[in-house]
Amino acid sequence: MVLSRLGALLTMLLSLSLSASTLEAGSSERRVAQETQHAPATEQGPERPRGTVKITVKDCEIRGGEFIVHPNPLPEDLVDCLLPAPIRRLGGPAELGGRQVLASAYDYLYRAGTERPGYGLYSYVLFPVASRRAERFLEELFKTTSFVEVTGISLGYLNVMYLPTRAEKLSALKPVVVNGLAPSVGLFSSDLYDYRLAQRLLVQICAAPAGVIRSICRSDLSRGPYLFTYASPASTLSRVPPPYLVLDLSRVHERAFGEFVSAYKAQVKREDFTDLERIANLRLRLLSTVLTAADWMDPIKGAMADIVHLAGRNDPPQ
Amino acid sequence: MTILVSGFIVAVALGSLFSWAYPRVEIDLRLASLFALGGLAIVLAIRGVWRTIHRTKA
């Protein structure tokens, strides 16, 4: 009897000690786990806000990110940049790097949302109004770019440049499209180009503009041409989230369009097609300035001829 | 005469440099006139600097 009671007591004591040691082990495991969670923070120093990357103010603005910084930041200042959702979801800059564009080709966009899926990049050539500038741009584009059907390159490697086209005028365009030839610039600009769709696309781009294009959107948007490049079809989006490439050629001399189109095609081949590396450079700025200066030569020559003529007339006869 | 010939040579050099840098832009009469004016300005500027240096040495 006594022995059985002693046995029961021992069993109770044993189970109590076991549960106590289990509890202790559990707490030590929790402690280890907590330490492990905190360890990276102590190793890396101050913690960076989640979902941000450390890049310069300029890069953050180009990619359409948001950041908090002291007043008057310089473009080279490093900030914690919160990139917009599409980039984070798709893997950030690595996603931009995964794309490879080998060539550009043009196609006609006769209605919003009719873009063919699968292209590497989608670009839109936008003229707000019919003008001589639009014709000059089309001239350069048709001279140096193939129609999309005659390129023979896989869609994924192509940057397609869509030209908004009036759906009701498609019958006039069909014979040209079948051969893959470019239409006459004058006819396309005056009759076939859809300026209404172009203006609508411009409004969509400017509905929620990123920092880098805010100044473009604040202008009257009546001169152009404008080039807009996006990673997916954008004609049906009510608001277009960054990253994108917007090229405003409003202040560029007409005769420089060829060089700008060429630079733009080189730009879309870059890993980060939005960085403006090939476009916003001194070489192209100088070209536009030289061509504008050359425009002054005719009036100067005329004025000099007038001065010489006047001087000759006022000379007293010998 | 020397200034005019030198100006013409510099203008040709400027035009060649322009064609190399911007192969898609055709050089028309207006651009050529600008290069001629630029060439003349460069030659006159070099001549001015040259004379100033010689005057200082003397």
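The values are calculated or read from the model by the stated rules, or taken from the named source; none is laboratory data. All of these numbers come straight from a predicted model, not from anything done at the bench. Backbone-built Cβ (ideal geometry, glycine too); neighbour counts: all protein chains shown.
As for region A:204-215, it holds no residue that is within 30 Å of residue B:30 (Cβ to Cβ), in contact (Cβ under 8 Å) with a residue 24 or more places away in the chain and not in a loop (DSSP other than H, G, I, E, B). Just one residue in the set A:268, A:246 is β-branched (Val, Ile, Thr), touching a helix residue (DSSP H, G or I) at 6+ places or on another chain (Cβ under 7 Å) and surrounded by 20 or more Cβ atoms within 10 Å (Cβ to Cβ); that residue is A:246. With respect to (1) free of Cβ contacts under 8 Å to residues at least 60 places away in the same chain; (2) among the aromatic types (Phe, Trp, Tyr); (3) more than 14 Å from every other protein chain (Cβ to nearest Cβ), the lone exception for residue A:296 is condition (3). The C-beta contact set for region B:43-58 (first residue surrounded by 10 or more Cβ atoms within 10 Å (Cβ to Cβ), second residue part of a helix (DSSP H, G or I), distance under 6 angstrom, 6+ apart or interchain) comprises B:43/B:3; B:43/B:6; B:43/B:7; B:43/B:10.
When residue A:310 is tested against (1) away from every other protein chain (no Cβ under 14 Å); (2) closer than 27 Å to residue A:112 by Cβ; (3) not acidic (Asp, Glu), exactly one condition is not met: (2). Residues in region B:1-38 that are loosely packed, with under 12 Cβ neighbours inside 10 Å, within 14 Å of another protein chain (Cβ to nearest Cβ) and among the aliphatic types (A, V, I, L, M): B:17, B:29. The set of residues in region B:8-58 being among the β-branched types (Val, Ile, Thr) and either touching a His at 6+ places or on another chain (Cβ under 9 Å) or not in a loop (DSSP other than H, G, I, E, B) (or both) consists of B:9, B:10, B:12, B:42, B:43, B:46, B:49, B:52, B:53, B:56.
Output the number of residues of region A:188-237 satisfying the condition of being at positive phi and either in contact with a Phe, Trp or Tyr (Cβ under 8 Å, 6 or more places away or on another chain) or surrounded by fewer than 16 Cβ atoms within 10 Å (Cβ to Cβ) (or both). Explain how you work it out, then say what you get.
Step one: filter region A:188-237 for residues at positive phi, giving A:221, A:224.
Going one step further and asking which of them are either in contact with a Phe, Trp or Tyr (Cβ under 8 Å, 6 or more places away or on another chain) or surrounded by fewer than 16 Cβ atoms within 10 Å (Cβ to Cβ) (or both), we end up with A:224.
Looking only at that region, the number is 1.
If the condition is being touching a residue at least 60 places away in the same chain (Cβ under 8 Å), hydrophobic (A, V, I, L, M, F, W, C) and within 11 Å of another protein chain (Cβ to nearest Cβ), then region A:261-293 contributes only A:261. Filtered by the rule that a residue be in contact with an Asp or Glu (Cβ under 8 Å, 6 or more places away or on another chain) and assigned to a helix (DSSP H, G or I), region A:178-203 gives A:185, A:186, A:189. Among the residues making up region A:243-265, those that are part of a helix (DSSP H, G or I) and either charged (D, E, K, R) or in contact with a strand residue (DSSP E or B) (Cβ under 7 Å, 6 or more places away or on another chain) (or both) are A:254, A:255, A:259, A:264, A:265.
Checked against the criteria, residue A:229 does not count as in the same structural domain as residue A:129 (by TED's automatic domain parsing), under 22 Å from residue A:159 (Cα atoms) and assigned to a loop (DSSP other than H, G, I, E, B).
Would you check if residue A:203 is in the same structural domain as residue A:108 (by TED's automatic domain parsing), under 23 Å from residue A:136 (Cβ atoms) and either at pLDDT 90 or above or within 26 Å of the chain's Cα centre (by Cα) (or both)?
On the way: in the same structural domain as residue A:108 (by TED's automatic domain parsing): yes; under 23 Å from residue A:136 (Cβ atoms): no; either at pLDDT 90 or above or within 26 Å of the chain's Cα centre (by Cα) (or both): yes.
Here the answer is no, as residue A:203 does not meet what is asked.
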